[in-house]
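Take a look at the structure set out below.
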Amino acid sequence: MSRRLRRGFFGRDPLEVAPDLLGKVLVAGPRSGRIVEVEAYRGSDDPGSHGYRGITPRTEVMFGPPGHLYVYFSYGMHWCANVVCESDGVCGAVLIRALEPLTGLDAMYAARSKAKRDRDLCSGPAKLCQALGVDGDHDGLDLTLAQLGVEVRDDGHRVLAHASSVRIGLSPGKGEDLPWRFYVANDPNVSASPRN
């Protein structure tokens, strides 16, 4: 039996929420995938976070109530999705980096025509947004209410072994040395080889 995650799950430090998200299911309408890789981002003490310098129109949702979706455009090309953590007014988020595709694979392949195998569908933050049809219109959605059919569910699956590494793609001086990336060990859907 699966259940939607409640606000209390998200209302914690991103470093606690991130590993706990592994094994949960991100749902977007008929499409879904099991979360196998994430990265934690804090606020004012994390130079890698979009909220490092405070609230802006772009980052306002990161400072809002936990359990919302923060979706941003990366490199002028791709959408990336985060779940907002911490208490209301405190910046924190977890980037969803990779999923194991579960349902709606035909729609995922239609959205990601370059994918040749199931593991190519959601093996990266931009890929999974494309596969699930998540974009800027989803920014700010309340996951605890399943707005537009987007939610995070717990179906009882437990991750037996997870690993951690430094976050991927951060510039020097942006917290690139912090081991705040968490992933399911040996999962073929993980986005990149770990760098410890």
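The values are calculated or read from the model by the stated rules, or taken from the named source; none is laboratory data. Keep in mind it's a predicted model, so treat the numbers as computed, not measured. No Cβ is skipped: glycine too gets one built from the backbone with ideal geometry, and neighbour counts run over all protein chains shown. With ligands, DNA and RNA removed, areas are computed over all heavy atoms of the protein, side chains included. Shrake-Rupley method; radii C 1.70, N 1.55, O 1.52, S 1.80 Å.
Going through segment 143-174 one residue at a time, which ones are open to solvent by 50 Å² or more (accessible area, probe 1.4 Å), part of a loop (DSSP other than H, G, I, E, B) and without any contact (Cβ under 8 Å) to a residue 40 or more places away in the chain?
L160, A161, G169, S171, P172
Is segment 134-142 home to any residue that is open to solvent by less than 30 Å² (accessible area, probe 1.4 Å), in contact (Cβ under 8 Å) with a residue 12 or more places away in the chain and over 30 Å from P47 (Cβ atoms)?
Scanning segment 134-142, I find no residue that is open to solvent by less than 30 Å² (accessible area, probe 1.4 Å), in contact (Cβ under 8 Å) with a residue 12 or more places away in the chain and over 30 Å from P47 (Cβ atoms), so the answer is no.
Got a sec? Which of K127, K174 is closer than 29 Å to Y52 by Cα and within 13 Å of the chain's Cα centre (by Cα)?
Numbers: K174 fails: within 13 Å of the chain's Cα centre (by Cα).
From the options K127, K174, the qualifying one is K127.
Just checking, which of A98, A161 is hydrophobic (A, V, I, L, M, F, W, C) and farther than 18 Å from R31 by Cα?
Values: A98 fails: farther than 18 Å from R31 by Cα.
None of the others qualify; the one that does is A161.
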